[in-house]
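Remarks on the structure that follows.
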Amino acid sequence: MAPRYYTVTWDQLHRDSKALAWRLLEKGPWRGIVAITRGGLIPAAIIARELDCRLIESVSIVTYDEEKRGEPHVAKPPVAAGDGEGWLIVDDLVDTGTTARVIRALVPKAHFATVYAKPAGKPVVDTFITEVSQDTWILFPWDTEPQFIAPIAKSA
């Protein structure tokens with residue numbers, strides 16, 4: 001089956017990230033946020049603002065080359081987060097859970113939150129907002145430009 005594409009706009013990403021912040025508010029307070037680069041940077045900034053959290057760390061796990069998955073490589077560990085106690089990890093999406101499992105091993109006591117989740121990755125995160133099917137490729141606003149698309153009926 002061909003992959004499905006789901007386009008997320010800046011407005012939608014902001015609303016969904018804010019909804020995630022609402023859900024995370026009652027689970028805090030948080031010592032800091034670990035943003036997973038690159039996709040988690042913008043949701044983490046929105047959530048940090050909404051939760052009034054000023055301590056932001058990042059972790060960089062390289063897994064994708066365009067749309068091809070490879071073996072995960074830790075390019076930058078989240079040193080400031082220690083074992084993760086009291087910390088919140090934020091990413092845009094959990095797909096298969098491969099990256100999430102690597103990060104869980106680095107900061108095992110942190111709370112893991114993503115804006116979007118696919119079925120294979122859902123068990124690895126603690127909190128998410130929207131589930132999409134495993135065969136859906138989410139097109140985030142930083143990866144797309146507005147352009148004309150033919151109606152579904154004409155492209156089938």
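The values are calculated or read from the model by the stated rules, or taken from the named source; none is laboratory data. It should be emphasised that the depicted structure is a prediction, and the values quoted were computed from it without experimental measurement. FYI the Cβ positions are ideal-geometry reconstructions off the backbone, even for glycines, and counts take in every protein chain you see. These area figures cover heavy atoms from the full protein model, side chains too; ligands, DNA and RNA do not enter into them. Shrake-Rupley method; radii C 1.70, N 1.55, O 1.52, S 1.80 Å.
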(request) Please give the residues of region 126-156, grouped as numeric ranges, whose backbone N is less than 15 Å from a label point set 7 Å along the Cα-to-Cβ vector of TRP22. (result) 128-130
(message) Using only the alpha-carbon atoms, what does the chain span along each of its principal axes? Please give whole angstrom values in decreasing order.
(response) 52, 33, 25
(message) With a 1.4 Å probe and all protein chains left in place, how much accessible area per residue does region 4-100 have, in Å²?
(response) 57
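Summarise the accessible area of the chain (1.4 Å probe, protein heavy atoms) by the percent that is carbon and sulfur.
The nonpolar share, carbon plus sulfur, comes to 55 percent.
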(request) Order the peptides 70-76, 53-59, 98-104 from the highest to the lowest mean number of other Cβ atoms within 10 Å of their residues. (result) 98-104, 53-59, 70-76
(request) Enumerate the lysines that LYS118 could reach by cross-link, defined here as Cα to Cα under 22 Å, with residues fewer than 8 away along the same chain left out. (result) LYS18, LYS68
(message) Out of all DSSP beta bridges in the chain, what portion is antiparallel? Express it as a percent rounded to 5.
(response) 20
(request) Evaluate E = 1/(1 + (r/R0)^6) for SER155 and ASP52, where r is the Cβ-Cβ distance and R0 equals 41 Å; express this FRET efficiency to the nearest 0.05. (result) 0.35
(request) Give, in nm to one decimal, the length gained when the segment between TYR5 and LYS109 is fully stretched (0.36 nm per residue of separation minus the Cα-Cα distance). (result) 34.1 nm
(request) Enumerate the aspartates and glutamates that LYS122 could reach by cross-link, defined here as Cα to Cα under 19 Å, with residues fewer than 8 away along the same chain left out. (result) ASP16, ASP91, ASP92, ASP95, GLU131, ASP135
(message) Only Cα pairs within less than 10 Å get springs; with that Gaussian network setup on the chain, which residue of TRP137, TRP87, TRP30 has the largest fluctuation?
(response) TRP137
